[in-house]
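The values are calculated or read from the model by the stated rules, or taken from the named source; none is laboratory data. A quick note: this is a predicted structure, and the numbers were derived from the prediction, not measured. Don't worry about glycine lacking a Cβ; one is built from the backbone with ideal geometry, like all the others, and counts go over all protein chains shown. Just so you know, the surface numbers come from the protein's heavy atoms only, side chains and all, with ligands and any DNA or RNA stripped out. Shrake-Rupley method; radii C 1.70, N 1.55, O 1.52, S 1.80 Å.
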Amino acid sequence: MSAKVEIYTSPFCGYCHRAKRLLEEKGVDYSEYDILMYGAKRAEMTARANGRTTVPQIFINGDHVGGYEELRALERDGGLDAKLADRA
């Protein structure tokens, strides 16, 4: 079983597309929540992300990673693979 990855997105968000592409390049399965299509997901995301309202907001095994920039920094610094190796 691999890490549980969740990403809150909107369809017109370039950073959302970049984050999903990075995860896909690493072969990571993720659950995507479109906050425009499902309005209740916006409130859920904001609560889980400590008030952050921008997308994407990414969670790995329930831990808030942040947005695309934080995900990219985690990858650049070599910490993403370890975080993804953790089991849910």
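Report relative contact order for the chain in percent, whole number only (criteria: Cα-Cα under 8 Å, sequence separation at least 6).
Relative contact order comes out at 39 percent.
Over 19 Å, how big is the tail of the calculated P(r) for the chain, in percent of all Cα pairs?
Tail fraction, whole percent: 31.
Rank 40, 9, 22 by how far each Cα sits towards the positive end of the charge dipole of the chain (+1 on Lys, Arg Cβ; -1 on Asp, Glu Cβ) and give me just the farthest.
So the residue we want is 40.
Top mean-square fluctuation among 38, 68, 15, Gaussian network model of the chain, C-alpha springs under 10 Å?
Highest fluctuation of the listed residues: 38.
What accessible area per residue comes out for the chain, rounded to a whole number of Å², with a 1.4 Å probe? Each step should come with its number before you reach the end.
Values: 5070 Å² over 88 residues.
I get 58 Å² per residue for this part.
Can you list residues from other chains, or at least 5 along the same chain, whose modelled amide H is less than 5 Å from the amide H of residue 34?
9
Where does helix 14-25 land angle-wise versus the long Cα axis of the chain, in degrees 0 to 90, nearest 10?
Roughly 30 degrees between the two axes.
Heavy atoms only, probe 1.4 Å: what % of the accessible area of region 46-88 goes to carbon and sulfur, would you let me know? All intermediate terms of the calculation are to be shown ahead of the outcome.
Details: 1020 of 2320 Å².
Exposed carbon and sulfur together represent 44 percent of the surface.
Of the listed peptides 50-58, 74-82, what is their order by residue-averaged count of other C-beta atoms within 10 Å, with the highest listed first? Walk me through the numbers on the way to the answer.
Details: 50-58: 17.9, 74-82: 12.6.
With the highest mean Cβ count within 10 Å placed first, the list reads 50-58, 74-82.
Just to be sure I understand: of the beta bridges DSSP finds with both ends in the chain, what percent are antiparallel, rounded to 5?
Here the share of antiparallel DSSP bridges comes out near 65 percent.
Grab the Cα-Cα distance for residue 18 and residue 86, subtract it from 0.36 nm times how many residues apart they are, and report the gain in nm with one decimal. All intermediate terms of the calculation are to be shown ahead of the outcome.
Numbers: separation 68, 0.36 × 68 = 24.48 nm, distance 2.27 nm.
Separation in residues times 0.36 nm, less the Cα-Cα distance, equals 22.2 nm.
Calculated FRET efficiency, residue 69 and residue 47, Cβ-Cβ r, R0 22 Å, to nearest 0.05? It would help to have the intermediate numbers written out before the result.
On the way: r = 21 Å, r/R0 = 0.97.
After rounding, the FRET efficiency stands at 0.55.
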